[in-house]
Amino acid sequence: MTSQPPCLSMHYALTPRTFLYSHYFATGLRAATGVIGLTLLALAASDLRTAMTVCIGALCTSLMDLPGPLRHKFNEMLASVLLGTVLTLVISLCAPLPWLLFIVVALVSFLASMMLAFGRRGMPLQFAALFSMTLAMQNMLTPIQSLAHAGLFMAGGLAYLWYAIGLAWLLRRRIKEQVLAEALYELAQYVDIKAGFYDIHTGLDAQLVALIRRQVVLAERQQAARDLVLRGRRGASDQVLVQVHYAMLDLYELVLATQTDYALLRRQFADSEVLTWMRDLVAKAARDIESVAYAVTRHRGSLQKVSYTPELRALDEAISRMEGQPGVSKEGLDLLRSAYSRISGMVGTVAQLHRATTPQAGSLELVPSVDMTPFLTQQKYELGVLRDNLRMDSPIFRFSLRVLLAVLAGLVVAGHLPYASHGYWIVLTIAVILKPSYSMTRQRRRDRLIGTLVGCALTLLILHLTRSPAVLLACLFIATAAGPTFVTIKYRYTAVAASMQILLQISLLLPESGHVVGERLVDTVLGALIATVFSFVLPNWEYRSLPRLLRGVLQASSAYLAASRELLQERAENDFVYRLRRKQFMDSLAALSAALLRMQDEPASKRRAVEEIHQFVLKNYLVASQIAAIRLLLRNHAEALPRDAVNNWLEQACDQACGMLDQARRALDTGLAPRLASAPAAIHADSAWTGWPPLQRRTRMLEDDVRQVAFQAGAIGRALQQTG
């Protein structure tokens, strides 16, 4: 049997087959239709300059047009309209007085950047505010004209708000489907990486690193799906989406439980085809999950077309033949059987995922009395959050000061240019490139420079071929759609679109303004240089956040172990608390992993304990895998299970693990090596129960992983203390 190509080697929304069904394309198309449509309506009723002002208001508001709960979306877009209108008015009034403009722009830049204290949803609001500010800087208007200009901006923003909210309400199920499908696509990629563990030609460590990186993205996508699918009242039309969501989470836990001793499997069966068949089975499952995601985006039930029978039959026969063969240890054969059983279970769960896409699948709702709020993102915009960050050790405060200083430097440079009427592009470039972390700033700088160069070249080509307003409007529509489509998945494309969008707008307003293309390039380079210099001013290096993130992981791990013990011992009424603690643990692990990846992009002198943190993350991930595997093991060996003996064994194992996590927290704070107790004494195993050997092996693996977590915590603590 031959190996199959991987499920998806790139982001699913970048492949032609799935692009048109993604929420990224839908967002871009919605934004372009609204912005250009409102511009044309305004143009039909007034002159071009008035229409372009309405266009700017709609464009700034469209930056907040992102998938999300309808109520949150309305509040965020309304805040963007009101804030943008006030900034447009204030900046327009100050524009004739350069000294006053300097002060106001600096203050606005600082306050807008402080909005990042509100979390991920604060980032688009921050940029919308800075975008409104920079576009208003070019206006030299009288007070009456400034009021009229701000009024037109507000009219465009409000018109777009109602357009976007109305469309989101009409297409609310469609948006849920698209976001849920994205989580499924990410799960498919996660499973595809799992297939690589059975390939003897791939390194285990490299494969585990890739898995952890995918876990970071998967956690974000699953949370986005929760926020849309599980929030608010759910009607009959949402039944399928809820079913698919819960089936997806069940499959994810089962995939998590497939983690095993791959090194032993490779040593024992490197010359056999069993690993190849296992790899092909898991790779097939990845493509099967992808087909479910594709069906969900097309509002269809999914039919399973993948057959696993050849590999399953071949594996079953091969394992039977290996019994008693020389060179195959009993431990290795037991491990192979266990891996085969878990992969078979995963295949069956994928079939359940297919069935969940049809209304006949039956409800998979949790207990009706359960409040799902703890699983959902709680978005609060409170002044107290800003006040709490007004201190020098706050990363948000330091970033805001950095933006303030960089913008002031940009204004000084722009004031000395011979084409000062377009100097606001420098400030806009700074706002786009300068981000809270050094790694994000570096990536944005590279994408912005390349994107601007390509965008300017394409615009020159278009203007050389035609000056037809109809053609330019068509190109403007495409650029306006491409901007929001690729902003989070391929920002370089967004940078190309943004350059074309602004240059085409200027060409429509001022047909003889071909010189602005060169000015655009110069301003972008100057803005990038300034952003680069100021990325080293009051920097927020990632190592400063490591102690907080590490403690968060250890605390969440302890809570997860406690909830797991209650569930495994059948003392919990349901698995609600277990699922919640697992989510919190994986979220904390994802946050630490993301910080580690960002730190690796920073200068070498600013990196701390990279290898130790890397091992800390891997071992914590394995802890979650061992818990999931133990839960599956008890489910598969439920027959004749000696509950009291098993509970005693689990009690000792979990107490031991929790004690080691307590030692890990102390070791992290002190930098001293943890003093770990020896393993618990063995309990007499009831030979009549077949689950004893795998249970004891799993708990030993769990204790070994937690022990390594504690040792790595001590090593990290020493490294952080030695380097200050």
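Laboratory data are not the source of any read-out in this text; all were calculated from the coordinates shown. All values derive from a computational prediction rather than experimental measurement. Glycine also receives a Cβ, built like all others from the backbone with ideal geometry; neighbour counts cover every protein chain displayed.
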Hey, how many Å between the Cα centroid of segment 461-513 and the Cα centroid of segment 137-190?
19 Å
Report the extension gain between Ser341 and Ala470 in nm, rounded to one decimal, defined as 0.36 nm multiplied by the number of residues separating them, less their alpha carbon distance.
40.2 nm
Calculated FRET efficiency, Ile165 and Leu41, Cβ-Cβ r, R0 22 Å, to nearest 0.05?
0.80
Dipole axis of segment 266-309 (+1 Lys, Arg; -1 Asp, Glu on Cβ), positive-most option in Val292, Met278, Thr309
Val292
Is any residue of segment 116-141 close enough, with backbone N under 17 Å, to a label point placed 7 angstrom from the Cα of Tyr381 along the Cα-Cβ axis, and if so, which?
116-133
In whole percent, what relative contact order does the chain give with Cα contacts below 8 Å and a gap of six or more residues?
14 percent
Cα centroids of segment 378-410 and segment 70-129: how far apart, whole angstrom?
13 Å
Charge dipole of the chain about the Cα centre (unit charges at C-beta), most positive-ward option of Pro67, Met133, Gln708:
Met133
By how many degrees, 0 to 90 and rounded to 10, does the Cα axis of helix 330-355 deviate from the longest principal axis of the chain?
50 degrees
Cα lying deepest toward the dipole's positive end in the chain, options Leu568, Leu107, Ala667, charges on Cβ
Leu107
Expected sort for 488-496, 41-49 on mean C-beta neighbours within 10 Å, highest first, is 488-496, 41-49
Using only alpha carbon pairs under 8 Å that are at least six residues apart, calculate the relative contact order of segment 457-529 and give it in whole percent.
28 percent
Given 530-543, 708-721, the highest-first ranking by average Cβ count within 10 Å works out to 708-721, 530-543
How big is the dipole moment of segment 173-367 about its Cα centre under a simple scheme where the beta carbon of each Lys and Arg is +1, that of each Asp and Glu is -1, and everything else is neutral? Debye, nearest 20, please.
760 debye
Label zone at Thr15 (point 7 Å along Cα-to-Cβ), backbone N below 17 Å, segment 183-212
183-196
With just the Cα atoms defining each centre, how far is segment 286-314 from segment 552-601? Give it in Å.
30 Å
Taking Cα atoms, the helix 143-170 axis meets the longest principal axis of the chain at an angle in degrees (rounded to 10) of 30 degrees
What does the charge dipole of the chain about its Cα centre add up to, to the nearest 20 debye, if the Cβ of each Lys and Arg holds +1 and the Cβ of each Asp and Glu holds -1?
1000 debye
Segment 543-666, relative contact order [Cα under 8 Å, separation at least 6], %:
40 percent
Is it possible to state the helix-based mean residue ellipticity at 222 nm for the chain, with each DSSP H run of 4+ residues giving -39500 (n - 2.57), the sum divided by total residues, to the nearest 500 deg cm²/dmol? What is it?
-25000 deg cm²/dmol
Check the straight Cα-Cα distances from Lys619 and name the aspartates and glutamates below 20 Å, setting aside those fewer than 8 residues away within the same chain.
Asp205, Glu253, Asp261, Asp587, Glu611, Asp655, Asp662, Asp669, Glu703, Asp704, Asp705
Just order 402-415, 297-310 by mean Cβ neighbour count inside 10 Å, highest at the front, would you?
402-415, 297-310
Take the alpha carbon gyration tensor of segment 123-182, find the square roots of its eigenvalues, order them as a ≥ b ≥ c, and report rounded if a/c is under 1.5; if not, report prolate when a/b exceeds b/c, else oblate.
oblate
Would you order Met346, Met115 from fewest to most other beta-carbon atoms within 10 Å of each residue's own beta-carbon?
Met346, Met115
Report, in debye and to the nearest 20, how large the dipole of segment 277-326 comes out about its Cα centre when Lys and Arg carry +1 and Asp and Glu carry -1 on their Cβ.
340 debye
For segment 173-367, alpha-carbon Rg over 2.2 N^0.38 Å:
1.10
Which option, [x] 377; [y] 172; [z] 203, is the value of volume of the Cα convex hull per residue in Å³ that was calculated from these coordinates?
[y]
Stretched out fully, how many nm does the piece from Ala604 to Asp250 gain, at 0.36 nm a residue minus the Cα gap?
123.3 nm
